[in-house]
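The values are calculated or read from the model by the stated rules, or taken from the named source; none is laboratory data. Computed from a predicted model, the values in this text were never measured in an experiment. For neighbour counting, all protein chains shown are included, and Cβ atoms are generated from backbone atoms with ideal geometry for every residue, glycine included. Keep in mind that these areas ignore ligands, DNA and RNA; they rest on the heavy atoms of the full protein, side chains included. Shrake-Rupley method; radii C 1.70, N 1.55, O 1.52, S 1.80 Å.
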Amino acid sequence: MTPLEFLAVVLPSPSHGLYCAAELSSQRKEHVFVDELEKLYPTVTDWVDGNKNAYFALSTFVKGGKRTAENSRCIKSFFIDMDGYASKKQAALALNAFLEHTGLSEFGMPWLVNSGGGLHCYWPLEETIEVAAWKPVAENLKRL
């Protein structure tokens, strides 16, 4: 699976607002907003080629310029970031224990991405939803 194919699964479709990629490792802390995922490819490639970290916002945005909760519009996945473990194996074991303990294992294994410092875990949704409807469920996931 290519990165674009993965992003197409976990991000809303293009008709739901602007996509955002961010480079936060330099002093510029650049954000790029586009209406199609493919348009992010050249900028993100330049960042990666320059040994900079590239991040993708998981929501879409009403307008460019600000990657804020107030500007976010739609989302298509739930996710957790698992950093701070001694190894990726330890993170995976902790994830399995968490899923069993909370009953979330009934939803199946999330999609896993090696984030460099740990694991990113994604539960893609079948439908795009408004961030306002997503947020209370995401807050409950966070509390778990």
How would the range 49-119 be classified by its alpha-carbon gyration tensor: rounded, prolate or oblate, with rounded meaning a/c under 1.5 and the a/b versus b/c comparison settling the rest? oblate
Just the accessible area per residue of the chain, please: how many Å² with a 1.4 Å probe? 62
With a ≥ b ≥ c from the Cα gyration tensor eigenvalues, square-rooted, and the rule rounded for a/c under 1.5, otherwise prolate when a/b > b/c and oblate otherwise, the chain is oblate
Connecting C-alpha atoms closer than 10 Å in a GNM of the chain, tell me which of 17, 64, 116 has the biggest fluctuation. 116
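Counting other Cβ atoms within 10 Å, which trypsin sites (Lys or Arg not before Pro) in the range 34-131 have at most 10 and lie in a DSSP loop? Walk me through the intermediate numbers first.
Values: sites: 39, 52, 63, 66, 67, 73, 76, 88, 89; in loops: 52, 63, 66, 67.
When the trypsin sites (Lys or Arg not before Pro) of the range 34-131 are filtered for loop state and at most 10 Cβ neighbours within 10 Å, 63 remain.
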For residue 53, placing the label point 7 angstrom along Cα-to-beta-carbon and taking the range 1-26, residues whose amide nitrogen sits under 14 Å are 22-26
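Can you check what the net charge comes to around residue 136, using other residues whose Cβ is under 15 Å from the Cβ of residue 136 (Lys, Arg +1; Asp, Glu -1)?
Details: positive: 135, 142, 143; negative: 130, 139.
Charge balance near residue 136 sits at +1.
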Less than 17 Å from a label point 7 Å out along the Cα-to-Cβ axis of residue 89: which backbone N atoms in the range 108-144 qualify, by residue? 118-119
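Scan the range 28-58 for GluC sites (Glu not before Pro) in coil per DSSP, keeping those whose Cβ has at most 10 other Cβ atoms within 10 Å, and list them by number. Show your work: numbers first, answer last.
On the way: sites: 30, 36, 38; in loops: 36.
Within the range 28-58, the qualifying GluC sites (Glu not before Pro) (loop, at most 10 other Cβ atoms within 10 Å) are 36.
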Report, largest value first, the span of the C-alpha coordinates of the range 17-63 along each principal axis, in whole Å. 29, 20, 14
Taking θ as phi - 60°, what are the ³J(HN,Hα) couplings along the range 36-49 by the Karplus curve (6.51, -1.76, 1.60), each to the nearest whole Hz, with x for Gly and Pro? 9, 3, 4, 6, 7, 3, x, 5, 5, 4, 4, 4, 5, 4
Whole-Hz ³J(HN,Hα) from phi, Karplus 6.51 cos²θ - 1.76 cosθ + 1.60, for the range 92-103, glycine and proline x: 5, 5, 5, 4, 4, 5, 4, 4, 5, 4, 8, x
